[in-house]
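See structure below.
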Amino acid sequence: MLGVLLLAFSLVTIIHSELCRPDAQNAFKVRLSIKTALGDNAYAWDASEEYLFKAMVAFAMRRYSNKATTQISNVLLCNMTERVSFWFVVTDSARNVTTVPGSEVEAAIRMNRNRINSAFLLTDNTLQFLKISSTLSPPIEPTVPVWLVVFGVVLCLVVAGILLLVVSGIRQYKKKKHESAETGDLEDNSNTPVTTENGIPCDILDLKAGQINGVYAADDERLTPL
Amino acid sequence: MSNAQSLDIPEVLKEDDRPKWDNKFQYILSCVGFAVGLGNVWRFPYLCQIYGGGAFLIPYVIALIFEGIPLFHLELAIGQRLRKGSIGVWNTISPYLGGVGIGSLMVSFIVSLYYNTILAWVMWYFINSFQEPLPWSACPLNGNRTGYIEECHESTAVNYFWYRRALNIASDITDSGNLQWWLVLCLAICWAIVYLCTIRGIESTGKAIYVTAIFPYLVLTIFLIRGLTLPGATEGLVYFFTPNMNILKNPRVWLDAATQIFFSLSLAFGGLIAFSSYNSPKNDCEKDAVTIAIVNSMTSLYASIPVFSILGFKATTRYWDCLDRNIIGIINEFDLPDQSIMRDNYTIWFGLLNTTHPKKIASLKLRSCDLQEFLDASGTGLAFIVFTEAIILMPGSQGWAVLFFVMLFSLGLSSMFGNIEGILTPLLELHVVSKSVPKEVLSGVICLVSFVTALCFTLRSGSYWLEVFDSYAGSLPLLIIAFFEVTGVVYVYGIKRFSDDVKWMTGRQPNFYWQVSWRIISPLLMLTVFIAFVTLQTQKQPSYGAWNPKYEEKDYPAWILAICVLLVVLPCIFIPMVAFYHLIKRPYENTSNGTSGN
């Protein structure tokens, strides 16, 4: 009895080790970086975490193929390292000796990647399934390109400013023309030549009753008062 | 003094309808804004870095004292005394020198074409900075969303955004492609802003300058405070400022210092002459010149501190990224526990593993991380590539990006004011349009013509063309014009007459330093710089860096070289042409007038 059990156990182990090997067919390598992701809140990777992982993979397989046949025991882990990294393989529930094709496993994992990540509080970068490329999240596309909005704002401001200045310029020009047209008959405008004497315009001379020549003014003071 | 009266100098009493500055501060700000431009932010730190850090300041200050300040004072003085724009001033000094003014006008026009295109690029980055996350922070995804676009993946996201999304650059200068509509829009907006500010000449720029000249200093201060608190800032500062005195033996350093001072002060554009012509004649231009030139150099120094701190931060972050990548590679290969190798014990681990498992380590193809190699302040790439990369690493990157690009825009805009004044003032004096046409129309026409001409820079090969314009039209003609300016004033106008004019304006005779500089040192220096510059340019085959999508050095085809020569010759040809024209005209004038008091 014991011998049969031992034989069965060793058979299973041998089969398992054949199925789950590094670079085996349909096997995938998983790499976790728990400390990088969680820092001080990092949990230790132990047998319970492994159990959770097997459960998540089985869950993904069930979700993907929609038949509730995959068991936790169908997921085999091997080659655990301190990194933490390991290889896993999913065996076919109907026949224990073969493995589920890699493409199915890959599709299942991809479909449920979010759930698997959040079960371990990790992200795509810190829970890596090598050889399974993750669908990169699309960049957030706003409905209206932001730059057009800003451009529109700047354009409106500038055009408003130009119009303001041009209109005020035209108004000023009209006011000046109006004013000069009113007073144009009474005073000389700049087109007529200004008569000058010694470089000083005559009309200033007339208004200010002549220019005081500094030399003679000083002379006056030097003369002793009578 | 009698010489002064032979020129048409307006006496203080005569009514003068020439526009005036509202106050002295506006004038100083305009000159400072014109001199302080994009080059202060990206060219000076780059030169400082490649020429031995702090040691570069020695040739820089020497060039400032013997070349920058004398020429600056000269331009301000003749503009203020003769109260005309560049063409009028040179025609007044001597009709034979009238070509110098026309050359200045042409150079101002050509430079404003491509300068505003750079502002259009800045504007494009500015309006893209409001997006979360910044569009240049990550590569866009490819069609089936399994990876990134290949071109982006091969280089960096920042490079991709600049070369593809902003410029959509062609791989060759001859491959023109279409007009890029987003750049056309940005260019239109930039010219509209320039028009808005220069619509009435200095009446409008005088108001705008309060904002555009002061705002950059505010932002630089904010960046200074932020930059100094970033990790790796001190490494950057130390690296860039550590003086390497040996570099002074290289003549190239002295040449670059002289050209940097010259271009940084915006001499020979005619803009300074235009600005000072709106001053009252009795203004202390000597003090103004020294003040503005020193403020310009101080600004360069002040700007390089935040630039270097932020570059140091970027280099440190990239160095850490490189280390982290190597660490992950080693951990994964040897299946060591997560986070067992940290940055500080990386070298110990690496040495250990290299001796025990050399083949495995070699197969990983680890990149050797060297902090020095990341500390690279590349010139024109500084703003759009290096700095944008640094900004995405800083928390709150949108705000910093917006601030940075608004600062660049104001810096450039205040320089544009000077350029446009250098075009507007002489044209107003040439009386090309009748008096009834208002100034607004003339400035509008200038902006429109410039916009249409500058559309060639929005083609796919536009940035290559911009480089051509910048290297050829924006360098040699200025040196030539400045040389003729100095020799024209000193030897044709007469240094004695000029000194008397300066005395009349400032109340003091120019002292020994000015006399020696104007008479001997500056012309000699200009000539030497010009010859050295030409020699260096012609020594190697002119080439440009194409992007396809990696840098590739390509030679210019012959027809492009012809255009380069044309760009240099066109402004300068007027100098001999006008002199020749007057030389021929004189005998005909003498014979037709008979004996006249010539």
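The values are calculated or read from the model by the stated rules, or taken from the named source; none is laboratory data. Computed from a predicted structure; not experimentally measured. When we count neighbours, we look across all protein chains shown, and the Cβ atoms used for this are built from the backbone with ideal geometry, even at glycine.
Scanning region B:157-194 for residues that are of a type in the set (Phe, Trp, Tyr) and out of contact with any Asp or Glu (no Cβ under 9 Å at 6 or more places or on another chain) yields B:Phe161, B:Trp162, B:Trp181, B:Trp182, B:Trp191.
Got at least one residue in region B:142-164 being in contact with a Leu (Cβ under 9 Å, 6 or more places away or on another chain), surrounded by 17 or more Cβ atoms within 10 Å (Cβ to Cβ) and aliphatic (A, V, I, L, M)? The answer is no, given that none of the residues of region B:142-164 is in contact with a Leu (Cβ under 9 Å, 6 or more places away or on another chain), surrounded by 17 or more Cβ atoms within 10 Å (Cβ to Cβ) and aliphatic (A, V, I, L, M). Is it true that some residue in region B:121-140 is under 22 Å from B:Gly418 (Cα atoms) and either more than 12 Å from chain A (Cβ to nearest Cβ) or not aliphatic (A, V, I, L, M) (or both)? Scanning region B:121-140, I find at least one residue that is under 22 Å from B:Gly418 (Cα atoms) and either more than 12 Å from chain A (Cβ to nearest Cβ) or not aliphatic (A, V, I, L, M) (or both), so the answer is yes. Among the residues of region B:298-320, not a single one is touching a Lys or Arg at 6+ places or on another chain (Cβ under 7 Å) and over 23 Å from B:Phe384 (Cα atoms).
Restricting attention to region A:93-122, the residues being surrounded by 15 or more Cβ atoms within 10 Å (Cβ to Cβ) and outside any helix (DSSP H, G or I) number 6.
Of the residues making up region B:203-217, those that are under 22 Å from the mean Cα position of the chain (by Cα), within 14 Å of chain A (Cβ to nearest Cβ) and within 23 Å of B:Asp17 (Cβ to Cβ) are B:Thr205, B:Gly206, B:Ala208. With a requirement of 3 or more residues that are surrounded by fewer than 24 Cβ atoms within 10 Å (Cβ to Cβ) and in contact with a Leu (Cβ under 9 Å, 6 or more places away or on another chain), the helices (runs of 4 or more DSSP H) lying completely within region B:58-138 that satisfy it span B:86-93, B:98-128. Where helices (runs of 4 or more DSSP H) sit wholly within region B:396-490, those with at least 1 residues that are under 21 Å from the mean Cα position of the chain (by Cα) and within 14 Å of another protein chain (Cβ to nearest Cβ) occupy B:397-430, B:439-454.
A quick yes/no check of all residues on (1) within 28 Å of the chain's Cα centre (by Cα); (2) at pLDDT 85 or above:
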| residue | (1), (2) |
| --- | --- |
| B:Asn283 | no, yes |
| B:Ser309 | yes, yes |
| B:Trp320 | no, yes |
| B:Phe334 | no, no |
| B:Ala362 | no, no |
| B:Cys369 | no, no |
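Reported count of residues in region B:457-496, each being in contact with a Gly (Cβ under 7 Å, 6 or more places away or on another chain) and not β-branched (Val, Ile, Thr), is 4.
If you check B:Gln49, B:Gln26, B:Gln80 for being polar (S, T, N, Q) and under 23 Å from B:Ile199 (Cβ atoms), only one passes: B:Gln26. Close contacts from region A:19-38, counting a first residue that is within 14 Å of chain B (Cβ to nearest Cβ) and a second that is among the hydroxyl-bearing types (Ser, Thr, Tyr) and part of a loop (DSSP other than H, G, I, E, B), with Cβ to Cβ under 7 Å and a gap of 6+ residues or different chains, come to A:Leu32/A:Thr126; A:Ser33/A:Thr126; A:Ile34/A:Tyr43; A:Thr36/A:Thr126; A:Ala37/A:Thr123; A:Ala37/A:Thr126.
Listed by first and then second residue, the pairs linking a residue in region A:167-193 that is under 16 Å from B:Val441 (Cβ atoms) to a residue that is at pLDDT 55 or above and not charged (D, E, K, R), with Cβ atoms under 9 Å apart and 6 or more places separating them unless they lie on different chains, are A:Gly169/B:Ile199; A:Gly169/B:Pro438; A:Ile170/B:Pro438; A:Tyr173/B:Pro438. Entry remark, region B:324-346: residues being more than 12 Å from chain A (Cβ to nearest Cβ) and either in contact (Cβ under 8 Å) with a residue 60 or more places away in the chain or over 22 Å from B:Lys359 (Cβ atoms) (or both) number 3 in total.
Okay, residues lined up against (1) within 23 Å of the chain's Cα centre (by Cα); (2) part of a helix (DSSP H, G or I); (3) at pLDDT 90 or above; (4) not hydrophobic (A, V, I, L, M, F, W, C):
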{"position": "B:Leu525", "(1), (2), (3), (4)": "yes, yes, no, no"}
{"position": "B:Phe533", "(1), (2), (3), (4)": "yes, yes, no, no"}
{"position": "B:Leu536", "(1), (2), (3), (4)": "yes, yes, no, no"}
{"position": "B:Lys554", "(1), (2), (3), (4)": "no, no, no, yes"}
{"position": "B:Pro576", "(1), (2), (3), (4)": "no, yes, yes, yes"}
